[in-house]
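Notes for the one structure printed next.
The values are calculated or read from the model by the stated rules, or taken from the named source; none is laboratory data. Small disclaimer: the values here were computed from a predicted structure and weren't measured. All Cβ positions, even for glycine, are placed from backbone atoms using ideal geometry, and neighbour counts span all protein chains on display.
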Amino acid sequence: MGKRRLERALDGFAHRDQVNVTHRAFQLDPARPRGETSSRRTMLMSKYQRTAAEVLEMDRKMEALAAAEGLEYHLTDANLTGNTLDAHQLLHLAGTHGLRDAMIERLYRAYFTEQRSIFDRESLVALGAETGLDTGEARQALDSGAFAEAVADDLREARSLGITGVPFFVIDGRYGIIPDSMVLALAAGGVLHAYLWFQTLAGWTLCTLLAAAVTGIVQS
């Protein structure tokens, strides 16, 4: 939803054609063992000390919020959470082919709508193929960890900017705002650069950094 809200903000921005968006990685728990998954709802109950009924209500509210943004979410007991290093690597690979945004959209739809895994490599390879990546190249990149250091670079950049949680925008490396405020910020004047780290309230760690280079009127 953070991505959709940013896109909506940019659609109303007079200098949209001068905006370049780049997606990068952020993980809250990069030490989590790869390949290990657990129930998303169980995780939310434990992390936020909520009952099963409360988590179910959270999911219903999230589905309604998503629908208001034109998104279709199906949050069920089948949703899992896990380490998303390989998903981030796949996004970096997609970026080398000009498919990063399409890959992000495919991963979101797979997770939130279709209950498909974004944690095991074969599932990721299949999702990559559906987005236009070569299956052999995708499998080789994940097996070799070809983009693991690129993901680590993203995480280091986030730490260097003092970001410890998401969602979060950093404007021109100086100003931090939350995604909902981006609509007002862009409408009000203009910014030079915008970075957005965000993850889902659903608790999984596929997060992105969106960098937007915007030229125009800079608010004083």
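For the range 25-43, filtering for residues that are in a strand (DSSP E or B) and either in contact with a Phe, Trp or Tyr (Cβ under 6 Å, 6 or more places away or on another chain) or surrounded by fewer than 16 Cβ atoms within 10 Å (Cβ to Cβ) (or both) leaves 4.
Scanning the range 50-84 for residues that are part of a loop (DSSP other than H, G, I, E, B), polar (S, T, N, Q) and either touching a helix residue (DSSP H, G or I) at 6+ places or on another chain (Cβ under 8 Å) or surrounded by fewer than 16 Cβ atoms within 10 Å (Cβ to Cβ) (or both) yields Thr51, Thr76, Asn79. Could you look through the range 153-182, keep only residues that are assigned to a helix (DSSP H, G or I) and at pLDDT 75 or above, and pick out the one that is farthest from the chain's Cα centre (by Cα)? That would be Ser160. Kindly provide the set of residues from the range 56-81 that are of a type in the set (Gly, Ala, Ser), closer than 18 Å to Arg106 by Cβ and touching a Phe, Trp or Tyr at 6+ places or on another chain (Cβ under 9 Å), ordered by number. Once the filter is applied, which keeps residues that are of a type in the set (Gly, Ala, Ser), closer than 18 Å to Arg106 by Cβ and touching a Phe, Trp or Tyr at 6+ places or on another chain (Cβ under 9 Å), the range 56-81 yields only Ala66.
When each of Ala87, Ala150, Ala110 is tested for being in a helix (DSSP H, G or I), crowded, with 16+ Cβ neighbours inside 10 Å, at pLDDT 90 or above and more than 14 Å from the chain's Cα centre (by Cα), the lone residue that passes is Ala150. Determine, yes or no, whether Ser46 is in contact with a strand residue (DSSP E or B) (Cβ under 7 Å, 6 or more places away or on another chain) and surrounded by fewer than 19 Cβ atoms within 10 Å (Cβ to Cβ). Considered against the rule, which asks whether it is in contact with a strand residue (DSSP E or B) (Cβ under 7 Å, 6 or more places away or on another chain) and surrounded by fewer than 19 Cβ atoms within 10 Å (Cβ to Cβ), Ser46 comes out as no.
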